[in-house]
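Novice: Following this message is one structure expressed as structure tokens.
The values are calculated or read from the model by the stated rules, or taken from the named source; none is laboratory data. This is a predicted model, so every value here is computed, not measured. Backbone-built Cβ (ideal geometry, glycine too); neighbour counts: all protein chains shown.
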Amino acid sequence: MEELNVSYNTIQYIVVGLGSENYGIDISYVDNIVRMQHITRIPRVQKEIKGVINLRGEVIPVVSIRIKMNLAEDEITDDTRIIIVKLESGERIGIIVDNVKEVVTLSEDTIEKQSYDSKAGRASFISGIGKNGDALISLLDMNLVFADKEKENNA
Amino acid sequence: MDVSQYLEIFLDETKEHLQSLSDQLMILEQEPENMDVINEIFRAAHSMKGMAGTMGYKNMQNLTHDMENVFSEVRNGSIKVDGSMVDVLFQVLDALEEYTDNIQNTSDEGDNENEHLIKALNDILNGEKAEPAPAPAAAEATEAAETAAAETADASSEKAKFKTIPLGESEKTVLSEALAQGKKVYGMTVCVSENCILKAARAFLVFKALEEHGEIIVSAPSTQDIEDEKFENDFSLVFVSDSAMDAVQKAVLSVSEIEDCVIDNMQIEAPKAEGSVKEEKTEVVQAASNAPKADKMASSAPAKQDKKPVGKPVANRTVRVDIEKLDVLMNLVSELIIAKNSLVTSSNLDGGVNEHIEYLESVTTNLHESVMKVRMVPIESVVAKFPKMVRDLSKKLDKKMQLFMSGEETELDRTVVDEIGDPLMHLLRNSADHGLESAEVRKERGKPEVGSIFLDAYQDGNNVVIEVRDDGNGIDVDAVRRKAIDRGTITEEQAENMDDKDIINLLFLPSFSTAKQVTDVSGRGVGLDVVKSKIESLSGEVEVKSQLGVGSCWTIRLPLTLAIIQALMVVVGGEKYAISLGSIQTIEDVNPSDLKLVENREVINLRGSVIPIVRLSEHLDIASTKGPEDNLTVVIAKKGDKLAGLVVDELIGQQEIVIKSLSKYIKKSKLISGATILGDGEIALIVDANALI
């Protein structure tokens, strides 16, 4: 037991691609990954909500994280996936990503905590930068992504 | 383990008793001599006292205790019931309700001792009685009589039941060791009062009291069974202690509602197993056969045993089911319906299976209905408190009024029933305060002095209608109109164009109150708008009809079920949408040349009525697939008696749909009320036609 305490905690992240950058999503939030499918549009809602999908009998909203982060509109390809994340409230929301690359295990000492607001609206969703060998992964904090919806609406 | 696990039972039972007290007091006011009612009140007060005592709620216990005392005298005939006494009793009831609310919210009864009420009760006791005996003596007498009754029931042989506890080898060793150490081994049989509600809690308190004195070695029935309340009115223990026998006995008897504790030194020898079992059985039989006899003999508790089956059967026939479990069941049924729909879709391609599908359809429909029925509860649970409320209002407002209710047995979905109480209360208060005139005015107008308020509930097709009527003044439309203009809610010109109905609907706007005087009953302008929004959140609607000088009638219309509805499926701009069939009146094919413009809005003239046209495609931000020359498919939707024509591109047909709520994360517009999953797995949004009218 004591030996274990010395080593750093490790967290597994799913690495997804958005544009040219790689982002990591804490695997404990990920409920499911599904292929791109028909999304039913909902008129007159927040612009980042692309609509809803049917996930085994449940109606799940799908959010474009690109729009949330002020990136260019999603380009749907064969690699496009919807990551279904389960928030602490138990609510499930889908996020559109360009592709899913791999699952990495990062120990806490390789994660650089970051909380400053570098580029407006972007860094605020990021809890830190993970170093996986030479590659850098921006770690998305799901609670941040879906917490500031009020601000988002007023903007 | 502590008493908190009984809190829920305690609250449930206390509320039941409070309701029954309230009902009975209403009757008592009319029939002060009715012995059945007096007995019922006595019993309810007695049970509540016992339960409050068990749970350690001292203030509540004291208050119910004094109430019980008063009724014990009423039963003996030494006090007569009169109006002032009933008033005091209603105040006591309010105080008890307050305790209960406090307990529910904070698990603490609060420290209001309500001394004035206790004093008032004692005044009743002392003032009216022939010989000024202090109250506790009377109560003691009653209790003594009860104990006597119980004692008659207990055949003397049964009292020492502990002698028949079979002891195992290991237990005998423990007991021998204890004796060798100079400890004392007692056997005891503890009798719990027959009227005790929380027997297990009592037993637990006995155990706790005993633990201070020593150790319980064996119990019959087992501790588990005692905790689960699997015992009659007594249980037996073998107990090792250093304390003297009296001290132990006293400790047990200090727990309230413990009637008796027979204790003796335990003889440790092998009991004749067979004989003892047999003995026990006969004792039980004896006890059972003795009980009713004893009760008839006991003059202090004449109706106790006979009455219980009359009051209780409802509780025995119903099962309390966690609403979450029902939700799961409901979801399963929903899925079954989705599965059925997909079968229906695939069968269109392949004939022959239709028969089976029809069968499946009837099964799912029946299943749906029965699950819905499980969720249905009579509105009685909500409206039962209203007679007392109206009585209180009558005193407070100093107006004479009476409430007539019908259709209390009408059933609604549990979730709706839970929500409907407040709006109904608002409407009743509104009628009592604004509607009914004072007695003098009523007399002048040739109406009976006592105003009448009616609450009628009935089922009407797939809806439940609840009407609140009064024979009061009705709504003064001109007063409302003036007020609205004064407040700047509407302009003079607007006012002129509005008919009476539109004006009355202004009452539902937030913070609009016409009460000339703000009373603490109503008139603060928070009421009718709350009523309206609450009812609408339940997918219902509220309407009011009123005639000046004659009265008003508020009509609430609620859907029977919320989860599954019949809907019309339509296509707009290539997307599928569902419109609840409940809000659809007809479907019309309209030639574009029939469209007229009134105030720059499109309308059609349909069989004499002018109906505004709403192009759904515009509201849904999508381009219609129809050309401007094509005939329009218009779905005529109604809300109350207002109509609107919704223009769609295509009709698909009628379908039973399961409503799925949209995630809270989606900030949807009012137009979309939810979503549903179609047979092919596709999602269709549900359009709330009411939001467009």
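Novice: For a quick check of your reading of the model, give me the residue pairs whose first member lies in the stretch A:74-91 and is closer than 12 Å to B:SER663 by Cβ and free of Cβ contacts under 8 Å to residues at least 12 places away in the same chain, whose second is assigned to a loop (DSSP other than H, G, I, E, B) and among the charged types (D, E, K, R), with beta-carbon atoms closer than 9 Å and at least 6 apart or on different chains.
Specialist: A:SER89/B:LYS664; A:GLU91/B:LYS664
For every residue, the table says whether it meets (1) surrounded by 21 or more Cβ atoms within 10 Å (Cβ to Cβ); (2) in a helix (DSSP H, G or I); (3) out of contact with any Leu (no Cβ under 7 Å at 6 or more places or on another chain); (4) at pLDDT below 80.
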position: B:SER4; (1), (2), (3), (4): no, yes, yes, yes
position: B:LEU7; (1), (2), (3), (4): no, yes, yes, yes
position: B:LEU11; (1), (2), (3), (4): no, yes, yes, no
position: B:LEU18; (1), (2), (3), (4): no, yes, no, no
position: B:LEU21; (1), (2), (3), (4): yes, yes, no, no
position: B:GLN24; (1), (2), (3), (4): yes, yes, yes, no
position: B:ILE27; (1), (2), (3), (4): no, yes, yes, no
position: B:GLU33; (1), (2), (3), (4): no, no, yes, no
position: B:ILE41; (1), (2), (3), (4): yes, yes, no, no
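Novice: On to the next question. Do you know which residues across the stretch B:457-493 are surrounded by fewer than 17 Cβ atoms within 10 Å (Cβ to Cβ) and at pLDDT 80 or above?
Specialist: Residues satisfying the conditions are B:TYR458, B:GLN459, B:ASP476, B:ASP478, B:ALA479, B:ARG482, B:ILE485, B:ASP486, B:THR491, B:GLU492, B:GLU493.
Novice: Would you check which residues across the stretch B:560-609 are of a type in the set (D, E, K, R) and either in contact (Cβ under 8 Å) with a residue 24 or more places away in the chain or closer than 30 Å to B:VAL417 by Cα (or both) and list them?
Specialist: Result: B:GLU575, B:LYS576, B:GLU588, B:ASP589.
Novice: Can you tell me which residue in the stretch B:21-39 is farthest from the chain's Cα centre (by Cα), limited to those that are over 17 Å from B:VAL70 (Cβ atoms) and touching a residue at least 24 places away in the same chain (Cβ under 8 Å)?
Specialist: Per the criteria, the residue is B:ASP36.
Novice: If only one of B:SER669, B:SER624, B:SER663 is within 14 Å of chain A (Cβ to nearest Cβ), within 20 Å of B:ASN690 (Cβ to Cβ) and surrounded by 13 or more Cβ atoms within 10 Å (Cβ to Cβ), which one is it?
Specialist: One residue alone meets the criteria, B:SER669.
Novice: How about the stretch B:675-691: which of its residues are out of contact with any Leu (no Cβ under 6 Å at 6 or more places or on another chain) and under 19 Å from B:ILE338 (Cα atoms)?
Specialist: Across the stretch B:675-691, the qualifying residues are B:THR676, B:ILE677, B:LEU678, B:GLY679, B:ASP680, B:GLY681, B:GLU682, B:ILE683, B:LEU685, B:ILE686.
Novice: Quick one: in the stretch B:568-610, of everything that is of a type in the set (A, V, I, L, M) and over 29 Å from A:VAL45 (Cβ atoms), which residue is surrounded by the fewest Cβ atoms within 10 Å (Cβ to Cβ)?
Specialist: For the stretch B:568-610, the residue satisfying everything is B:LEU597.
Novice: Turning to a different aspect of this structure: Determine if the stretch B:578-586 includes at least one residue that is on the phi < 0 side of the Ramachandran plot, in a strand (DSSP E or B) and within 14 Å of chain A (Cβ to nearest Cβ).
Specialist: yes
Novice: Mind checking which pairs have a first residue in the stretch B:620-636 that is modelled with pLDDT of 90 or more and a second that is loosely packed, with under 11 Cβ neighbours inside 10 Å, Cβ under 8 Å, 6 or more apart or different chains?
Specialist: So the pair list comes out as B:ASN631/B:ASP589; B:LEU632/B:ASP589; B:THR633/B:ASP589; B:VAL634/B:ASP589.
Novice: Just give me the residues in the stretch A:41-100 being of a type in the set (Asp, Glu), in a loop (DSSP other than H, G, I, E, B) and within 14 Å of chain B (Cβ to nearest Cβ), in sequence order.
Specialist: A:GLU48, A:GLU88, A:GLU91
Novice: Quick one: which residue in B:SER72, B:SER84 is crowded, with 23+ Cβ neighbours inside 10 Å, more than 29 Å from the chain's Cα centre (by Cα) and in a helix (DSSP H, G or I)?
Specialist: The match here is B:SER72.
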